Amino acid sequence: MDADQATEFTSLYSRNERQLFRFIASLLPSTADAEDLLQETAKKIWQQFEQYQTDKPFLPWACTIARYELLSHLKRQQVRRKYFSNEVVELLADDWSRRDEAREGQSRALEQCVKKLPDDDRRLLHLRYEGEESIQELPNKQTARRIPSTSRCSEFATYCSTAGKNESP
């Protein structure tokens with residue numbers, strides 16, 4: 001793998017790691033097992049990254065690899081623990097994939113709404129949700145010069161919930 005591919009892998013994986021973990025965690029009984037399987041999956045994705053078709057979405061491809069890693073993991077663990085049967089895992093994985101497609105559309109609509117916000121409001125959202133700042137910490141941040149009123153936030157939420165239905169992203 002060349003340096004450009006390694007950079008692309010790092011970028012794609014880091015953007016999708018949280019969702020990939022949620023997919024894996026939804027199919028395993030413990031967070032520790034999910035974390036272990038995420039590591040195994042990341043290794044396998046790295047090994048197979050040259051086969052990834054860049055014109056296709058990364059997350060479904062990564063989830064497919066995770067699904068096969070999960071099935072292998074379950075086979076290895078079946079003697080020691082009780083897990084879902086392979087058929088149930090397949091059904092759950094398919095269901096998760098279908099719901100993920102819907103979340104993608106909602107996410108695109110939300111991105112469009114956020115782009116329409118004033119810069120200060122976008123920074124505030126970024127601090128709260130991407131920076132994982134608590135609401136109590138936000139007034140202390142230098143970049144949060146003003147905090148939108150509750151009614152303004154409510155108006156924005158209403159706008160976004162209807163915009164996703166009425167506009168194509």
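The values are calculated or read from the model by the stated rules, or taken from the named source; none is laboratory data. Being a predicted model, the structure only gives us computed values, none of them experimental. Positions of Cβ are backbone-derived with ideal geometry, glycine not excepted, and every protein chain shown enters the neighbour counts.
As a summary of the residue check, residue 65 satisfies the conditions (1) modelled with pLDDT of 95 or more; (2) exposed (fewer than 12 other Cβ atoms within 10 Å of the Cβ) except for the one numbered (2). Residues that are among the hydroxyl-bearing types (Ser, Thr, Tyr) and modelled with pLDDT under 65 within the stretch 69-87 comprise just one, 83. A search for C-beta distances below 7 Å between a residue of the stretch 38-49 that is over 22 Å from residue 26 (Cβ atoms) and any residue that is surrounded by fewer than 16 Cβ atoms within 10 Å (Cβ to Cβ) and not charged (D, E, K, R), counting only pairs 6+ apart in sequence or on different chains, returns 49/1; 49/5. Mind counting the residues in the stretch 50-66 that are in contact (Cβ under 8 Å) with a residue 12 or more places away in the chain, assigned to a helix (DSSP H, G or I) and over 16 Å from the mean Cα position of the chain (by Cα)? Within the stretch 50-66, residues that are in contact (Cβ under 8 Å) with a residue 12 or more places away in the chain, assigned to a helix (DSSP H, G or I) and over 16 Å from the mean Cα position of the chain (by Cα) number 1.
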